[in-house]
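See below for the structure under consideration.
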Amino acid sequence: MLEEIIRNLKNSKKIVVLTGSGVSAESGIPTFRGKDGLWKRFRAEELATPHAFSRDPKLVWEWYNWRREIIASKEPNPAHKVLASWEERFPEFYLITQNIDGLHQKAGSKKVIELHGNIWEVKCTKEGIISENREVPLKEIPPKCSSCGALLRPNVVWFGESLDQATLNRAIDLSTNCDIMFVIGTSVIVQPAASLPYFALKEGASVVEINIEETLLTPHVNYFLKGKAGEILPELNKKLIS
Ligand code: OAD
């Protein structure tokens, strides 16, 4: 099957990859819905909604500060590295991620389409200005905007919020017009990201799923590679470059 996927990949012009938290699992970052997943240990509605933030910004920021501390100490794994090398190799390669950890960029990917924002960015709740903030741990919780003094929030998408429309439109357009799509380390549950592989399938693209377990998408894909992204992607890459 790997040979067939590689043949397919080599014949493809537009290549799209959609990643989820499973791609960072081997770096030591918890996923959301796995055995030790964040949503097994924490209640999303108390930590990752606009309502939770307006009720208790300190609590929400303490949770993000904790996640920032975990992520800051982690390194990209072989899956991130192979995807970064594919951006160099293929002229029309597009990486769409649901992850907010920035590990794709740390591995060298330059043109990452971040559907759910980035944990290393903050947004002023008054002026809407987005800026980078890599302070670990944060000196002040909750942090305040240095220009107007208003509360800052993490520049991430919370439950009940819409994705940035331009970013989503681009992801839909790329998914609709690609030749091959890899769906890696995502439970394919959270909308609208979960619809992207179906746009690709509808237009006749080949869809390759890499996951340690089957998902609702699995029966629809052309190829399902069961296993860890950090092992399967290097295996595929070895065949690609040999
Ligand atoms: P989930 O936790 O829902 O799913 C992680 C997926 O990764 C599961 O299907 C696992 O089987 C798979 N997986 C785990 N380890 C893996 C490995 N080493 N190699 C390959 N696959 C592996 O995480 P997401 O699908 O990313 O949204 O969740 C989507 C969104 O839900 C997140 O972006 C976040 C969350 O709520 C927001 O915060 C808006």
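Where residues in segment 19-38 are within 7 Å of the ligand (Cβ to nearest atom) and in contact with a Pro (Cβ under 9 Å, 6 or more places away or on another chain), which of them is nearest to Leu196 (Cα to Cα)?
The qualifying residue nearest to Leu196 (Cα to Cα) is Ser21.
Mind checking which helices (runs of 4 or more DSSP H) fall wholly inside segment 7-75 and carry at least 1 residues that are in contact (Cβ under 8 Å) with a residue 40 or more places away in the chain?
Ranges flagged: 44-47, 50-55, 57-72.
When only residues in segment 117-167 that are among the basic types (Lys, Arg) and in contact with a Leu (Cβ under 9 Å, 6 or more places away or on another chain) count, which is surrounded by the most Cβ atoms within 10 Å (Cβ to Cβ)?
Here the answer is Lys123.
What are the residue pairs meeting all of these: first residue in segment 128-143, first residue touching a residue at least 40 places away in the same chain (Cβ under 8 Å) and under 23 Å from Leu103 (Cβ atoms), second residue open to solvent by less than 60 Å² (accessible area, probe 1.4 Å) and part of a loop (DSSP other than H, G, I, E, B), Cβ atoms under 6 Å, and 6 or more apart or on different chains?
Correct list of pairs: empty, since none qualify.
Would segment 64-74 turn up any residue that is in contact with a strand residue (DSSP E or B) (Cβ under 8 Å, 6 or more places away or on another chain) and more than 26 Å from Pro142 (Cβ to Cβ)?
Within segment 64-74 (the criterion being in contact with a strand residue (DSSP E or B) (Cβ under 8 Å, 6 or more places away or on another chain) and more than 26 Å from Pro142 (Cβ to Cβ)), the answer is no, since none of the residues qualifies.
Can you pull out the residues in segment 85-114 that are assigned to a helix (DSSP H, G or I) and either crowded, with 23+ Cβ neighbours inside 10 Å or in contact with a Pro (Cβ under 8 Å, 6 or more places away or on another chain) (or both)?
Leu103, His104, Lys106
For Arg41, state whether it is more than 16 Å from the ligand (Cβ to nearest atom) and either crowded, with 19+ Cβ neighbours inside 10 Å or more than 22 Å from Asn118 (Cβ to Cβ) (or both).
In short, no.
Within the bounds of segment 12-30, is there any residue that is at negative phi and at pLDDT below 95?
yes
Quick grid of which residues meet (1) more than 15 Å from Val23 (Cα to Cα); (2) more than 9 Å from the ligand (Cβ to nearest atom); (3) under 21 Å from the mean Cα position of the chain (by Cα):
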position	(1), (2), (3)
Ser206	yes, yes, yes
Glu209	no, yes, yes
Ile212	no, no, yes
Leu216	yes, yes, yes
Pro219	yes, yes, no
Phe224	yes, yes, yes
Lys228	no, no, yes
Ile241	yes, yes, no
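Might you check whether a residue that is closer than 30 Å to Ala200 by Cβ and part of a strand (DSSP E or B) occurs anywhere in segment 127-139?
Among the residues of segment 127-139, at least one is closer than 30 Å to Ala200 by Cβ and part of a strand (DSSP E or B), which makes the answer yes.
Right, Asp56: farther than 17 Å from Gly117 by Cα and out of contact with any helix residue (DSSP H, G or I) (no Cβ under 9 Å at 6 or more places or on another chain) or not?
It is false that Asp56 is farther than 17 Å from Gly117 by Cα and out of contact with any helix residue (DSSP H, G or I) (no Cβ under 9 Å at 6 or more places or on another chain).
Those residues that are within 16 Å of the ligand (Cβ to nearest atom) and either among the charged types (D, E, K, R) or in contact (Cβ under 8 Å) with a residue 40 or more places away in the chain (or both), I need them from segment 114-127; list them, please.
Glu114, Leu115, His116, Gly117, Ile119, Trp120, Glu121, Lys123
The values are calculated or read from the model by the stated rules, or taken from the named source; none is laboratory data. None of the values given here were measured: they were computed from a predicted structure. FYI the Cβ positions are ideal-geometry reconstructions off the backbone, even for glycines, and counts take in every protein chain you see. With ligands, DNA and RNA removed, areas are computed over all heavy atoms of the protein, side chains included. Shrake-Rupley method; radii C 1.70, N 1.55, O 1.52, S 1.80 Å.
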